[in-house]
1. With respect to residue 309, determine if the residue is hydrophobic (A, V, I, L, M, F, W, C), under 24 Å from residue 61 (Cβ atoms) and open to solvent by less than 20 Å² (accessible area, probe 1.4 Å).
2. Hey, does the stretch 332-343 have a residue that's modelled with pLDDT of 95 or more, surrounded by fewer than 14 Cβ atoms within 10 Å (Cβ to Cβ) and not in a loop (DSSP other than H, G, I, E, B)?
3. Consider only pairs whose beta carbons are under 6 Å apart and that are at least six residues apart or on different chains; among these, list those whose first residue lies in the stretch 383-398 and is over 10 Å from residue 96 (Cβ atoms) and whose second residue is of a type in the set (Ser, Thr, Tyr).
4. Yes or no: residue 8 of a type in the set (S, T, N, Q) and within 28 Å of residue 381 (Cα to Cα)?
5. How about the stretch 365-396: which of its residues are of a type in the set (Gly, Ala, Ser) and in contact with a Pro (Cβ under 7 Å, 6 or more places away or on another chain)?
6. One residue is enough: does the stretch 359-370 have a residue meeting the conditions open to solvent by less than 20 Å² (accessible area, probe 1.4 Å), within 25 Å of residue 399 (Cα to Cα) and part of a helix (DSSP H, G or I)?
7. If we only count strands (runs of 3 or more DSSP E) wholly inside the stretch 165-253, which ones have 1 or more residues that are more than 22 Å from the chain's Cα centre (by Cα)?
8. How many residues are free of Cβ contacts under 8 Å to residues at least 40 places away in the same chain, in contact with a Ser or Thr (Cβ under 9 Å, 6 or more places away or on another chain) and open to solvent by 10 Å² or more (accessible area, probe 1.4 Å) if we restrict to the stretch 180-220?
Amino acid sequence: MIAQSLTTQCCITGGGPAGMMLGFLLARAGVDVVVLEKHGDFFRDFRGDTIHPSTLELMHELGLLDEFLALPHHKAERLVAQIGDTKVTLADLTRLPTACKFVAFMPQWDFLDFLAAHGRRYRGFHLMMNTQATDLLRDGDKVTGVRATSEGAEIEIRAGLVVAADGRHSTLRERAGFAVENLGAPMDVLWMRISRHSDDPADAFGHIEAGRFFIMLNRDDYWQCAFVIPKGSADTLNKRPIAEFRRIILELSPWLGDRVDEIRSWDDVKLLTVAVDRLPQWYRPGLLCIGDAAHAMSPVGGVGINLAVQDAVAAANILYQPLRDRAVTTEDLRKVEARREWPTRVTQRMQIVAQNRVISPVLASTQRPKPPFAVKVTQWFPVLQRIAARVIGIGVRPEHIHTPEGA
């Protein structure tokens with residue numbers, strides 16, 4: 001039995017960075033939009049928390065940057081790593097042609113709450129929490145809306161356009177029968193927290209040793225830590241005593257001392273199964289996929305959030321007028337894919353090269369690693385660190401706000 005039936009111009013499934021940014025921008029431009037988020041809040045730990053200069057630039061263009069940066073965050077102007085016994089700077093962000101020349105490490109729930117709060121300023125913005133899309137509504141070959149559940153009740157939402165922004169395990173992508181091209185990933189990631197002291201290093205930090213790859217992200221009062229493991233090896237590792245895992249962490253970062261005891265059991269360690277894939281086609285009549293639903297990214301470079309946000313900005317720029325005119329065509333959806341497919345492919349290709357030429361050899365090696373020749377060159381000629389900074393911080397095709405404010 002249908003408990004509720006709604007009609008809107010655009011229904012977005014998924015309240016992550018892509019869905020929330022698109023919902024906010026469309027409502028700001030005078031489009032009636034419903035955003036569905038299956039959880040009751042945005043609080044999920046060990047999500048991507050890196051807000052790159054490209055996304056900060058969008059906040060600047062929206063006139064929201066000062067308010068945004070008033071939220072708790074940590075700035076990283078350089079990305080550094082220790083490879084064996086050599087410390088290197090991988091990227092220097094201080095010369096980027098952007099308002100903010102740093103990566104902001106900010107809890108993703110703060111970012112999403114910020115977008116939701118500003119979306120609610122517009123009468124066309126409707127955020128439905130605890131509501132999960134379960135299927136598509138169709139009229140022949142055209143998608144006309146979604147079926148969803150909210151606290152046990154079934155809801156039908158009719159929409160001129162449905163946007164699937166519900167992540168790499170997208171329900172709507174599966175219901176629509178999209179083909180998925182799997183590009184492969186040689187690793188998974190274990191996430192955990194370790195408290196941070198005021199005299200600890202300030203920068204985000206990566207430590208690469210034989211068979212081990214450990215990353216520490218500064219979250220002010222604690223480190224958000226990532227331990228990279230070979231693909232599919234989590235079950236074997238989890239059968240070992242947690243003390244053995246703590247010993248490995250301490251070998252990589254001895255200055256953590258007895259803080260590693262905060263990892264009390266394997267329950268304190270969360271697994272991220274890494275996938276790199278994309279859709280050969282992102283749309284069907286009445287339906288568009290963006291963000292991870294269209295292209296799951298590797299954690300290499302931490303660019304996933306920012307690429308998803310760029311998808312949302314491009315989609316809003318292209319679709320806001322057809323949505324206001326209630327005349328969205330398949331050609332409009334094709335334009336969104338055409339705009340975002342190339343940067344997606346280029347970014348994924350760079351991630352795969354890094355996975356295959358850096359991460360896989362490290363995980364398979366028993367020898368203490370040395371910086372690759374390309375990294376050595378960037379230390380000899382620091383100006384080259386700006387190239388990596390531009391790719392990571394801005395991306396290969398940055399987007400800008402072209403949607404107006406108001407109907």
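1. Working: hydrophobic (A, V, I, L, M, F, W, C): yes; under 24 Å from residue 61 (Cβ atoms): yes; open to solvent by less than 20 Å² (accessible area, probe 1.4 Å): yes.
Criteria met by residue 309.
2. Of all residues in the stretch 332-343, those modelled with pLDDT of 95 or more come to 332-343.
Restricting the remaining residues to those that are surrounded by fewer than 14 Cβ atoms within 10 Å (Cβ to Cβ) gives 338, 342.
Now restrict to residues that are not in a loop (DSSP other than H, G, I, E, B): 338, 342.
Within the stretch 332-343 (the criterion being modelled with pLDDT of 95 or more, surrounded by fewer than 14 Cβ atoms within 10 Å (Cβ to Cβ) and not in a loop (DSSP other than H, G, I, E, B)), the answer is yes, since at least one residue qualifies.
3. 384/378; 385/89; 385/378; 395/54; 398/54
4. Values: of a type in the set (S, T, N, Q): yes; within 28 Å of residue 381 (Cα to Cα): no.
Judged against the criteria, residue 8 is not a match.
5. Narrowing the stretch 365-396 to residues of a type in the set (Gly, Ala, Ser): 365, 374, 388-389, 393, 395.
Within the stretch 365-396, 393, 395 meet the criteria.
6. So far as the stretch 359-370 goes, no, none of its residues is open to solvent by less than 20 Å² (accessible area, probe 1.4 Å), within 25 Å of residue 399 (Cα to Cα) and part of a helix (DSSP H, G or I).
7. Values: elements: 187-195, 205-209, 212-218, 222-230.
Filter on the stretch 165-253 gives 187-195, 205-209, 212-218.
8. 0
The values are calculated or read from the model by the stated rules, or taken from the named source; none is laboratory data. Just so we're clear, the structure is a prediction, and the values are computed from it rather than from any experiment. Here Cβ is always computed from backbone atoms with ideal geometry, including for glycine, and neighbour counts include all displayed protein chains. For the accessible areas, the whole protein counts, side chains as well, though only heavy atoms, and no ligand, DNA or RNA atoms are used. Shrake-Rupley method; radii C 1.70, N 1.55, O 1.52, S 1.80 Å.
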